[in-house]
Amino acid sequence: MTETLVLGGGCFWCTEAVFVKVRGVTDVESGYCNGQTVAPTYEEVCTGRTGHNEVVKLEYDTAQISTRELLEIFFVIHDPTTLNRQGNDTGTQYRSGIYFTTPEQGKAAQTLMAELAAAHAFGKPIVTEVLALDNYSAAEDYHQDFFERNPYQGYCMAVAAPKVAKFKKTFERLVRE
């Protein structure tokens, strides 16, 4: 069975770069969600006035990977304790967010976050929002597969590549062959 889950973990180039390498993920699309403007442009989202988050929409085969495993990867590759920022990227469009398409996904997210909080996994409170997916639109074509097409671009080398390496090291069993 295929499900859709949408994740906001900062710049979508970095998040996409990781999830295209995950076994069981059948499609990854960079986009925008949970804002007020219909089909916003990247420039509009960057103003912070649309309310959208930069996200990746994941299609995945539940026979190969679980929602929980996807969320575990998500919490390893970004900082869920910084409000409206990831590294040097600041603004509401970079907030940590899980946007579910089924109630079970929302419950899985809440359960994992409660476990991580109880274990003091990050040393600070988790600020990740967990909401039903709303008002999603795909990002412009030039954002799709950005890391794959531009691996030597400065931002990709400095930010995306280390996230991919961390994923591969931490979740070796889930790396797509």
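Every number here is computed from the coordinates shown, using simple stated rules; none is lab data. From a predicted model like this one, the values you see are computed outputs, not experimental measurements. Glycine gets a Cβ as well: all are built from the backbone with ideal geometry, and neighbour counts include every protein chain shown.
Residues of the stretch 14-46 that are of a type in the set (A, V, I, L, M, F, W, C) and in contact with a His (Cβ under 7 Å, 6 or more places away or on another chain): Cys33, Val45. Restricted to the stretch 76-98, and to residues there that are more than 22 Å from Cys156 (Cβ to Cβ), out of contact with any Phe, Trp or Tyr (no Cβ under 8 Å at 6 or more places or on another chain) and of a type outside the set (Gly, Ala, Ser), the residue that is surrounded by the fewest Cβ atoms within 10 Å (Cβ to Cβ) is Leu83. Selection over the stretch 4-59 of residues that are in contact with a Leu (Cβ under 7 Å, 6 or more places away or on another chain) and charged (D, E, K, R) gives a count of 1. Ala17 meets each of the listed conditions (1) over 21 Å from Met113 (Cβ atoms); (2) among the aliphatic types (A, V, I, L, M); (3) surrounded by fewer than 22 Cβ atoms within 10 Å (Cβ to Cβ) apart from (3). Residues of the stretch 1-49 that are among the acidic types (Asp, Glu) and in a strand (DSSP E or B): Glu3, Asp27, Glu29. Of all residues in the stretch 118-131, those satisfying the criterion of being surrounded by 13 or more Cβ atoms within 10 Å (Cβ to Cβ) and either farther than 19 Å from Leu7 by Cα or in contact with a Ser or Thr (Cβ under 8 Å, 6 or more places away or on another chain) (or both) are Ala121, Phe122, Ile126, Val127, Thr128, Glu129.
Looking only at residues in the stretch 132-151 that are part of a loop (DSSP other than H, G, I, E, B) and in contact (Cβ under 8 Å) with a residue 40 or more places away in the chain, the one that is surrounded by the most Cβ atoms within 10 Å (Cβ to Cβ) is Ala139. Please specify each residue of the stretch 154-163 satisfying the condition of being surrounded by 15 or more Cβ atoms within 10 Å (Cβ to Cβ) and farther than 29 Å from Glu104 by Cα. Correct list: Tyr155, Cys156, Val159, Ala160, Ala161. Only one residue in Ala160, Ala114 is out of contact with any Phe, Trp or Tyr (no Cβ under 8 Å at 6 or more places or on another chain) and hydrophobic (A, V, I, L, M, F, W, C), so which one is that? Among Ala160, Ala114, only Ala114 is out of contact with any Phe, Trp or Tyr (no Cβ under 8 Å at 6 or more places or on another chain) and hydrophobic (A, V, I, L, M, F, W, C).
Name the residues in the stretch 63-110 that are within 20 Å of Tyr42 (Cα to Cα) and in a helix (DSSP H, G or I), would you? The answer is Thr92, Gln93, Tyr94. Residue check: is Val175 within 26 Å of Gly35 (Cα to Cα), surrounded by 13 or more Cβ atoms within 10 Å (Cβ to Cβ), among the hydrophobic types (A, V, I, L, M, F, W, C) and in contact with a strand residue (DSSP E or B) (Cβ under 9 Å, 6 or more places away or on another chain)? When the stated conditions are applied, Val175 does not pass them. Taking the criterion of being over 23 Å from Arg85 (Cα atoms) and in contact (Cβ under 8 Å) with a residue 40 or more places away in the chain, the residues of the stretch 18-61 that qualify are Lys21, Val22, Arg23, Gly24, Val25, Val38, Glu59, Tyr60, Asp61.
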